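Let me begin by presenting the structure, written as C-alpha cells, before commenting on it.
The values are calculated or read from the model by the stated rules, or taken from the named source; none is laboratory data. Predicted, not measured: the structure shown is a model, and the values here were computed from it. In this analysis, Cβ positions are derived from the backbone assuming ideal geometry, glycine residues included, and neighbour counts consider all displayed protein chains.
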Amino acid sequence: MSDSHDILLRAEGVTMRFGGVTAVSDMSLAIPRGSIVGVIGPNGAGKTTLFNVLSGFYTPQEGQVVFGGKSIKGLAPYRVCRLGIARTFQNIRLSAQMSVLENVMVGCHVRRRCPWWMAPLGLPMYYREEEAIREKALRLVERLDLLAYKDEKACSLPYGAQRRLEIARALATEPKMLLLDEPAAGMNPQESLDLMHFIGHIRDEFGLTILLIEHDMKVVMGVCRHIWVMEYGSLIAEGDPDAIRSNPEVIRAYLGDEVNNA
C-alpha cells in the first residue's frame with residue numbers, strides 16, 4: 001500500500017486471547033503516515049479488541065505493534081498516548097459533570113511538564129502552565145465549533161457535539177495518530193455526512209493519520225483510502241473501497257445489500 005518508510009503504525013501477527021476465546025487472530029496491518037483508513041466487520045469481529053491492543057489497553061499474547069519505528073507492545077496506555085496515539089470510544093467517555101473546556105483541558109494534561117506537587121506549594125511556574133493549558137484548550141474548543149458550549153456540562157450537550165468534544169479532547173494530547181471507534185454511531189444521515197467532511201478536515205488541519213472503526217458504509221467508503229475487513233477475529237480481506245465493495249467474501253460476511261447503498 002505504501003513504501004515502508006512512510007508507514008507510521010505497523011501491526012504484525014497480533015493475536016489476543018481471553019481464556020479459550022481468540023478475539024483477534026494473526027492480524028497484520030500497515031498504516032501510511034497521513035492516511036485515513038478503516039477497519040470494518042460484523043459485531044464481534046474483534047475490531048474494538050484490535051483498537052485496545054493498538055492503544056495499549058491490551059497486551060497481545062502474540063505479535064508486535066510498532067509505532068513511529070518503536071515497539072509499543074506492553075506499554076501502558078498513557079505512554080502510548082504520549083508517543084502520539086489518541087483514541088475515542090464506541091460509547092462516549094466524557095467527564096459528564098465537567099464543562100466542555102475542562103474536558104479538553106484534561107487532554108492537554110498529558111503534555112504537562114510541571115508535577116502535581118507544585119500546585120499546593122503555590123509555585124508560579126505551575127499556574128503559568130495551567131493558564132497556557134486553558135488557552136490551548138480554548139483554541140481547540142473554538143476550532144471544533146464548540147465555543148458556544150464551552151461552559152456547559154458535557155452531559156448537557158447534543159449527541160453530535162459530545163462526539164466532537166471527545167475528538168477535541170483526543171486532539172488536545174497532540175497526537176500523530178487518531179483512532180476513532182464508531183464515530184458515526186447514533187448519528188442521522190446528515191450528521192454522518194457532516195462527519196465525513198469533519199474527519200478529512202481534522203486530518204488536514206492537524207496533520208494526522210486516522211484509523212477508524214465504523215458500521216456506516218457511506219462514511220467508510222467516503223473517507224477511507226484503504227480498508228481491512230475482519231470476521232471472527234481474523235482478516236478476510238483488505239483493499240481500497242472499490243475492491244472491498246466487489247469482494248464476494250466481504251459481501252457474504254458483512255456488506256450484503258449495504259454494498260449497493262454505500
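State which residue is nearest to the chain's Cα centre (by Cα) when the search covers only the range 221-251 and only residues that are among the charged types (D, E, K, R) and within 20 Å of I210 (Cα to Cα).
Once the filter is applied, the top-ranked residue is R225.
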Working carefully through the options V106, V110, find the one that is touching a Cys at 6+ places or on another chain (Cβ under 7 Å), β-branched (V, I, T) and either touching a residue at least 40 places away in the same chain (Cβ under 8 Å) or under 21 Å from R79 (Cα atoms) (or both).
V110
Residue count, the range 1-49 (criterion: polar (S, T, N, Q) and at pLDDT below 95):
4
Matching residues in the range 155-169 (touching an Asp or Glu at 6+ places or on another chain (Cβ under 9 Å), surrounded by fewer than 19 Cβ atoms within 10 Å (Cβ to Cβ) and not small (G, A, S)) number 1
What pairs come up if the first residue lies in the range 178-190 and is surrounded by fewer than 16 Cβ atoms within 10 Å (Cβ to Cβ), the second is outside any loop (DSSP other than H, G, I, E, B) and charged (D, E, K, R), and their beta carbons are under 9 Å apart, counting only those six or more places apart or on different chains?
G186/R163; P189/K218
Evaluate the following for H201: is it touching a strand residue (DSSP E or B) at 6+ places or on another chain (Cβ under 8 Å) and either surrounded by fewer than 21 Cβ atoms within 10 Å (Cβ to Cβ) or over 21 Å from A30 (Cα atoms) (or both)?
no
Residue match in the range 10-22 (condition: touching a residue at least 40 places away in the same chain (Cβ under 8 Å), surrounded by 21 or more Cβ atoms within 10 Å (Cβ to Cβ) and part of a loop (DSSP other than H, G, I, E, B))
no
